[in-house]
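The values are calculated or read from the model by the stated rules, or taken from the named source; none is laboratory data. Treat the numbers as computed from the prediction; the structure is a model and nothing was measured. Here the Cβ is made from the backbone with ideal geometry for all residues, glycine too, and neighbour counts use every protein chain on show. Heavy atoms of the whole protein, side chains included, go into the accessibility calculation; ligands, DNA and RNA do not. Shrake-Rupley method; radii C 1.70, N 1.55, O 1.52, S 1.80 Å.
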Amino acid sequence: MIFTDFITLLEKTPAYKDWKCTHQKSYLCSFFKIFDEDKDTNIEDNWQVDLYDKNTDEITSFVIAQCIATKLEQSSKVFKEKHKIVEKLSLDKVSVNIIDALRIVEEAREKEYSDHHPTKKILILQQQAIPLWNISYITSSLQLLNFKINATTGEIISHGSQSVLSFRQK
């Protein structure tokens, strides 16, 4: 299933239709998935669809799993800098699918970070001036590898590595 299929499926559900009645100006802002190398087998299932409502500055998430869309319990405030805008995701400009994006990332990981082996993958399709794949690997050596890929061209925009332990509060 591809992302346009997810949206079509979502828009047919009563939960979405009820929610949309009170959030008419909301729009698609991202797709999100955590992929566990040991447990998950289907990269194209179990995605979170995030919809942003500018009026409330909140994101509401629906999960698409096994061709069923379910709304998560409550909306959440957006994690962003105060004056930043959550951009609308332009799916019509996305030409690099998740399989190709992961292939690009894996080739770069082998070349740049071959000592780090992923255990979990955090996959986000979002818009930041352009549609982009923001893919992070949590590795067995407790490193966070992050790759940003242009979702139109497949070009790697940036990549980096840092210790997961650097995120702990001091």
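Structure above, values below:
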{"read-out": "Accessible area of the stretch 1-149 divided out per residue, in Å², using a probe of 1.4 angstrom", "value": "58"}
{"read-out": "Cut-off under 5 Å, modelled amide H: who pairs with Leu132 long-range", "value": "Gln126, Gln127, Ala151"}
{"read-out": "Per-residue SASA entry for Glu58, accessible area with 1.4 Å probe, Å² rounded to 10", "value": "50"}
{"read-out": "Cα→Cβ-extended label distance, 7 Å offset, between Ala108 and Ser140, nm", "value": "2.3"}
{"read-out": "Ratio Rg/Rh, restricted to the stretch 112-163 and using Cα atoms, in which Rh is the Kirkwood radius", "value": "1.00"}
